[in-house]
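The values are calculated or read from the model by the stated rules, or taken from the named source; none is laboratory data. From a predicted model like this one, the values you see are computed outputs, not experimental measurements. Cβ: placed from backbone, ideal geometry, glycine included. Neighbour counts: every protein chain shown. Note: accessible area is taken over every heavy atom of the protein model, side chains too, but ligands, DNA and RNA are not part of it. Shrake-Rupley method; radii C 1.70, N 1.55, O 1.52, S 1.80 Å.
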Amino acid sequence: MVLSYLRSVTGKKLYSFKLAYIHLLVFIISTLGIYFAYISGNFGGREYWEFPPFFAVLIIAGWILFLINFISSLSSFRNQPVYIWMWMTGIIFFLFTYLESYLWVIPYFRKNLIGDLLIQWKSNGSMVGSWNMLIYGSSIFLMEKISGNKETSQSSIAFILYFTGLFNLMFNWGHHIYTLPTAPYVQYISYAVSMTELFIIGRIIFNWKKTLDTAQKNLHILSYRLLLSADIWVFLTLALAILMSIPGINVYTHGTHITVAHTMGATIGINSFILLATITDNSEDNCSNLLHYHKIINKGIWISNISLLIFWCSLIGAGIKKAIWQTAEVQNSFSMMMQELKPYFIVFMAAGISLAIGLFCIIFPLMKMKISCIFKK
């Protein structure tokens, strides 16, 4: 979607479609290879990247091709809208943080246990901020396209929000390592940076009336409905993230399902809905028969949001129960505590199945329509 929108911004073809196809091919090969490694029990990586490090080389190569294509497709960096800077920041920082997450293959870093853990959490925390830049940049482009107001992406507030996000990308990771015996200033800076997210929360609350007015005008646009869903989840996820960043609360939430709830709210509620909004927008532009699927996609949006809320709350509930257990003076066994969480996991599973059905109602019509468009061409 970044490459597709980039063509709209520049009004020109991509620097190289061949590079884009090679980029896609490299990702397909690495993805299939990683799945095969998991299925065959061939592990060798670290947290989140449990596959053998060889596949990381392919992933890095794909992102380098992406960066070359992106920068070469731009004629100039002057007077560019905020989403161009967000996309470029996202690509560069992903490459940097992904390479950083593999420093453990060098014995110097691997032998220092605390330093190794610090780098691992720092790189993974910042990496999330990197691909968020790509996704949020796409959402700003889409909002500009729907509103027809090109000034918003060039405004001071847009760049203030961008630098707030960039600042968080670089330093917000620190709240993950409160429990590590690191220098206190690292924790103080991390806490201060995490609190800058209050500015974003405050802005959402301040603009809620304007958001409602805009929604009334644009609710008939499917891509806008998906963006509105993401906006609600931005608020909920940010509120939870800010609470988790407070050291006194983090002591209880760290290592519980509350962290998983935060991740799922961000990954599904924000990122997936924004990506689906951009794909829907692309489909509305290029395929004329989307109107036939409005009803089922709308149902999918409702089912997905309600199911995700139940899914999210069940994880928070399980997290609170585990937090009480891990801070209790007298603890029963871990297996007994997990047995007590069973009702939450049953709700979690049921909500997950319902969420999958809701997302299928959105994704299947889009795939069906895209395939029919390709064959018509």
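Taking the 1.4 Å solvent-accessible surface of the chain as the whole, the part contributed by carbon and sulfur is 71%.
Full extension of the chain segment joining residue 294 with residue 340 gains 12.3 nm, where the gain is 0.36 nm per residue of separation less the Cα-Cα distance.
Amide hydrogen proximity for residue 155: with H placed 1.01 Å from N in the peptide plane, no residue at 5 or more positions away or on another chain lies under 5 Å. Under the criterion of Cα pairs below 8 Å and six or more residues apart, the relative contact order for the chain equals 13 percent. Mean separation of Cα pairs under 8 Å and 6 or more residues apart, divided by the residue count, gives the range 151-195 a relative contact order of 38 percent. Legend: distances between Cα atoms for 145/368; 18/145; 18/122; pairs beyond 31 Å are 18/122. Bridging of residue 111 to aspartates and glutamates at a Cα separation below 18 Å is possible for 47, 100, once same-chain residues fewer than 8 apart are set aside.
Qualifying GluC sites (Glu not before Pro) in the range 1-102, where qualification requires a DSSP coil assignment and no more than 14 other C-beta atoms within 10 Å, comprise 47, 50. Phi angles of the range 160-174 translate, via the Karplus equation with coefficients 6.51, -1.76, 1.60 and θ = phi - 60°, into HN-Hα couplings of 5, 5, 4, 5, 5, x, 5, 4, 5, 4, 7, 10, 5, 3, x Hz per residue; Gly and Pro are given as x.
Calculate, for the chain, the solvent-accessible area per residue in square angstrom, rolling a 1.4 angstrom probe over the heavy atoms of the protein chains. Show your work: numbers first, answer last.
Working: 20100 Å² over 377 residues.
Result: 53 Å² per residue.
Once you reduce the range 161-178 and the range 182-199 to the center of their Cα atoms, the two points are 8 Å from each other. A simple count of charges around residue 139, restricted to other residues whose Cβ falls under 14 Å of its Cβ and scoring Lys, Arg +1 and Asp, Glu -1, yields -1.
Ordered from largest to smallest accessible area (heavy atoms of protein chains, 1.4 Å probe), the residues 284, 144 come out as 284, 144. Between residue 350 and residue 260, the contour length at 0.36 nm per residue exceeds the Cα-Cα span by 30.7 nm. Subtracting the Cα-Cα distance of residue 38 and residue 113 from 0.36 nm times their residue separation leaves 24.4 nm of extension gain.
From most to least packed by mean Cβ count within 10 Å, the peptides 14-23, 129-138 give 129-138, 14-23.
Counting only residues at least eight positions apart within a chain, or on another chain, the aspartates and glutamates with an alpha carbon under 20 Å from that of residue 12 are 144, 281, 285.
The candidates 1, 244, arranged from most to least accessible area with a 1.4 Å probe in the full protein assembly, appear as 1, 244.
Can you spot the aspartates and glutamates whose alpha carbon is less than 14 Å from residue 322's alpha carbon? Ignore those fewer than 8 places along the same chain. Within the straight-line limit of under 14 Å, residue 322 reaches these aspartates and glutamates: 340.
Mean residue ellipticity at 222 nm, helices only, the chain: -25500 deg cm²/dmol; runs of at least 4 DSSP H residues each add -39,500 (n - 2.57), and the sum is divided by the number of residues. Comparing Cα centroids, the range 75-151 and the range 296-335 end up 28 angstrom apart.
Applying the Karplus relation 6.51 cos²θ - 1.76 cosθ + 1.60 with θ = phi - 60° to the range 6-22 yields 3J(HN,Hα) values of 4, 5, 5, 5, 7, x, 10, 6, 5, 4, 8, 5, 4, 4, 5, 5, 5 Hz, where x marks Gly and Pro. Report note on the peptides 157-167, 332-342, 314-324: ranked by the mean count of other C-beta atoms within 10 Å, highest first, their order is 314-324, 157-167, 332-342.
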